[in-house]
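Report on the following structure.
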2 protein chains.
Amino acid sequence: MAAQNQNKVSLPVIKRLPKYYRYISDMHNNGIVKVSSSELARMMGTTASQVRQDFNCFGGFGQQGIGYHVDVLLSEISKLLFSEKNLNAVLIGTGRLGRAISGYLSAEARGYHLMAAFDKSPDEIGRELQCGVMVQDVAELAAFCAAHHPDVAVLCIPRAGAKAVAPTLVEAGVKGYWNFSHYDLSVDYEGITVENVHLGDSLMSLGYRVRND
Amino acid sequence: MAAQNQNKVSLPVIKRLPKYYRYISDMHNNGIVKVSSSELARMMGTTASQVRQDFNCFGGFGQQGIGYHVDVLLSEISKLLFSEKNLNAVLIGTGRLGRAISGYLSAEARGYHLMAAFDKSPDEIGRELQCGVMVQDVAELAAFCAAHHPDVAVLCIPRAGAKAVAPTLVEAGVKGYWNFSHYDLSVDYEGITVENVHLGDSLMSLGYRVRND
DNA sequence: TAGATTGTTAATCGATTAACAATC
DNA sequence: TAGATTGTTAATCGATTAACAATC
């Protein structure tokens, strides 16, 4: 829960971006070229007012009397969500959840680069994940971070484990944690972004937030 | 996004309950018997005001001048979160993510009973999950729902698949969807609760919400 | 009693919705 | 031009925070 309200765009707006993105890219794929705020609102389950307010946070890219061009919306929102640079991520914990998420991070999620994966179990260490990344011993995490400076750590381990690796990560200068299984590191480390995410939306939107801090 | 604001307790409050629960059960396990709103606020990363407001939604269970008894808090919040009756859940999709979640649902999450799991892949059908549940053909989903009336469906399949099974589930009377991988069934089915969840908190809090609709 | 801390009402803050002039 | 729809300001709504009397 670090400070991140310097910029004018509020968190609720940011959290809606991925949903906009999905509808708009669907439309784009279906060859739809134009959409009005009220059509988008119906799809999103909100009001036309909110749609216009949201888009205007970033500088109105619609046309009065006409609506919004799907391709303009798509490119503007893509820019916001995916930015220029991938986030370098390390995965910690390669159990069932970790493996599922490694697949998501490397194949489906945009804006991420999975640098490495770590586990403490001898059964896991040395194994190759489906995405091609080799599982390393978590004991080497500090050295790895010192050498390669990941941006975010994706935690797929129980709470006790998360509490144990957190100091290492913080000392190594990792600034973001995406926590898929637990919750409450939030208060222990000031100035660090700890978020509980689910697949799909949050990953993208949080990526955006972090880059805009 | 069904209507669920009949009751006085707001969604933000409900979403905080699992986090309260975790801190309070930690304290309980450590033998701490008493806590003040300001101590809890510090742990939660919020204000003492908010803590008191939150607890008072459910009828003040503190003592003026003293604070809150940890065991009273724990039992009150447990009652709210876990209620009397488990939610009967079916899992749809037993890929990596689905398997991870089946383990969570059957072992860690309170308030759920995993009745059955479905997949469309012949490789999956007939396999037994680690939790002992047998994977069935998704073609049998409608019949299963008609016979056993699950409360919620946990979707761990791609969006196209989710869109395909949704009508079956809706027609079978399933009222809640916990969607771990995608997002936007929300608008298509009025009166149905579709939520995107992450492990841990949301499952519990959503359980609460559904039971209180 | 004095100090502490709740329960609860009032004030503030922020987000959503409504309204409407600008303009395509 | 008339109709449609945005951009933007104002009004509403809800959640958080502050204040303080009640009371242990």
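The values are calculated or read from the model by the stated rules, or taken from the named source; none is laboratory data. These figures come from a predicted structure and were not determined experimentally. Don't worry about glycine lacking a Cβ; one is built from the backbone with ideal geometry, like all the others, and counts go over all protein chains shown.
Tabulated results
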quantity: Test: residue in segment B:120-133 that is away from DNA strand C (no atom under 15 Å from the Cβ), part of a strand (DSSP E or B) and more than 23 Å from the chain's Cα centre (by Cα); calculated: yes
quantity: First in segment A:54-72 and near DNA strand D (Cβ under 6 Å from one of its atoms), second anywhere and modelled with pLDDT under 95 and not in a helix (DSSP H, G or I), Cβ under 7 Å, 6 or more apart; calculated: A:55/A:61; A:55/A:62; A:68/A:61; A:68/A:62
quantity: Restricting segment A:71-101 to residues that are touching a helix residue (DSSP H, G or I) at 6+ places or on another chain (Cβ under 9 Å) and of a type in the set (Ser, Thr, Tyr), the residue that is farthest from the other protein chains (Cβ to nearest Cβ); calculated: A:83
quantity: Options A:68, A:21: the member that is modelled with pLDDT under 95, crowded, with 20+ Cβ neighbours inside 10 Å and out of contact with any His (no Cβ under 9 Å at 6 or more places or on another chain); calculated: A:21
quantity: Matching residues, segment B:27-49, being exposed (fewer than 15 other Cβ atoms within 10 Å of the Cβ) and away from DNA strand D (no atom under 15 Å from the Cβ); calculated: B:29, B:30, B:31, B:32
quantity: Considering residues of segment A:28-59 that are more than 11 Å from DNA strand C (Cβ to nearest atom) and within 24 Å of the chain's Cα centre (by Cα) only, the residue nearest to the other protein chains (Cβ to nearest Cβ); calculated: A:43
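Matching residues to (1) exposed (fewer than 15 other Cβ atoms within 10 Å of the Cβ); (2) among the basic types (Lys, Arg); (3) under 29 Å from residue A:103 (Cβ atoms):
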site	(1), (2), (3)
B:17	no, no, no
B:51	no, no, no
B:54	no, no, no
B:58	no, no, no
B:75	yes, no, no
B:115	no, no, yes
